[in-house]
Amino acid sequence: MKRTILGGALTLLLALTGPAGAQKFPDHAVTMVIPFAAGGPQDTIGRIIGQRMGELLGQTVVIENVGGAGGMTGSKRVADATPDGYTMVLGSVGTHAQNQTLYKHPLYDAAGDFAPVALIAETPLVLIARADFPADDLPAFIAHARMHQAAMQFGSGGAGSATHIACALLNAAIGINPTHIPYRGGAPAMQDLMGKRIDYLCLDTPLAMPQIEGRTVKAIAILTRGRSPRLPALASAHEQGLTDFEASNWCGFFLPRGTPEPIVRRLHDAAAAAMDSTAVQEKLQQIGATVVAPDRRSPDYLRDFVAREIARWAAPIRASGVSMD
């Protein structure tokens, strides 16, 4: 009770002093929480955007990787942080949409416990298998998986992450139930796939592309309706017979609920300016991520987008039968 009263008083004080505070903001480093392990796609995107934002803000943007619970541990930390603009999270479809249905008791209300800042980028997911997997396309993958599912293992960037949900929905769509091996991010999962300790992953293209190009893993299908410009030779799951199957990821910045609007706007403007940078766009394009259009970047757009995404993913997650405690 005491903590609630104090928290409310602090939020009111920040709101009353918002315009003056925003003029001075930031006067020290800003922390960007990446709720997954270092080296993964969210981490890569966050570092690219964060470096340019720091230059624009005149203060360092410090990246802090806080993994666990499919990204909820790091996101929860930001939801509970002081709403002063100095702690934000790079959320995703997993942390701010899918987990609201997947988990029986999610750690936070994705639509109500955050102040949206800006939608940043979107990335398709790709089905990849170990390099010696005995299938080269999706029909052959399905045939092999149905016959050998009891002995197969698939990895993910964590239970409840977007990579977990993508493969869980794929498994349900093709009628298999292999063992799930969760990791604390996509990077360690990729290491085990390269080491042939697991059979397949549904991974963001930024992390998968170098290994696909290096032939240390085998690309089976892009998990979007159309092909990816960065992997034009790889047929989509839809093209290969899994009609209308689609799994992609997105990321955006969120602050704690109650952050004063002028500070939200200051960070939004810095993020938008970073996204308009030719160097940032080129770096993101190189890893297979697409910067969202200017009309999709506002805090209001992100707020409405999160609500739509929670609703969009609820039906397929429930239909798949996948659930987490």
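Ellipticity at 222 nm from helices only: DSSP H runs of n ≥ 4 in the chain, each -39500 (n - 2.57), divided by the residue count, give -13500 deg cm²/dmol.
Be a star and scan segment 175-212 for residues whose amide nitrogen sits under 14 Å from the point 7 Å along the Cα-to-Cβ vector of SER320. Of the residues in segment 175-212, 175-182, 201-204 have backbone N under 14 Å from the label point off SER320. Using the Cβ-Cβ distance between ALA307 and LYS196 with R0 = 35 Å, the FRET efficiency computed as 1/(1 + (r/R0)^6) comes to roughly 0.25.
Using the Kirkwood radius over C-alpha pairs as Rh, can you work out the diffusion coefficient of segment 138-235 via Stokes-Einstein at 10 °C, viscosity 1.306 mPa s, in µm² per second? Estimated via Stokes-Einstein, D reaches 116 µm²/s. Applying a 4.7 Å Cβ-Cβ cutoff to the chain, the cysteines left without a disulfide-compatible partner are CYS251.
Taking label positions 7 Å along the Cα-Cβ direction at both ASP136 and ARG215, the computed distance is 1.2 nm, reported to one decimal.
Expressed per residue, the C-alpha convex hull volume of the chain stands at 122 Å³.
What is the chain's relative contact order, in percent, from Cα pairs under 8 angstrom and six or more apart in sequence? Rounded, it is 28 percent for the chain. Using the alpha-carbon centroid of each, what span in Å lies between segment 160-197 and segment 42-110? The two parts, judged by their Cα centres, are 22 Å apart. Were the residues from ASP300 through ALA143 laid out at 0.36 nm apart, the gain over their Cα-Cα distance would be 52.0 nm.
Remark: the ALA172-THR243 segment gains 24.2 nm on full extension, using 0.36 nm per residue and subtracting the alpha carbon distance.
A simple spin-label model places the labels of GLU64 and ALA279 2.7 nm from each other, with each point 7 Å out along Cα-to-Cβ. Set the Förster distance to 45 Å, then compute FRET efficiency between ARG257 and GLN153 from the Cβ-Cβ distance, nearest 0.05. According to the calculation, E is roughly 0.70. Across q = 0.16, 0.29, 0.31 Å⁻¹, segment 194-242 modelled as identical point scatterers on its alpha-carbon atoms has Debye log10 I(q)/I(0) values of -0.44, -1.23, -1.32, in the order of the q list. Compactness of segment 179-284 is given as radius of gyration and Dmax, 17.8, 50 Å, from Cα positions.
Students often get this wrong, so check it: of LYS218/LYS283; LYS104/LYS196; LYS24/LYS76, which have C-alpha atoms separated by over 31 Å? The answer is LYS104/LYS196.
No value in this document is a laboratory result; all are computed from the given coordinates. Keep in mind the model is a prediction, meaning the values are calculated, not measured. Note that each Cβ is placed from the backbone with ideal geometry, even for glycine, and that neighbours are counted across all protein chains shown.
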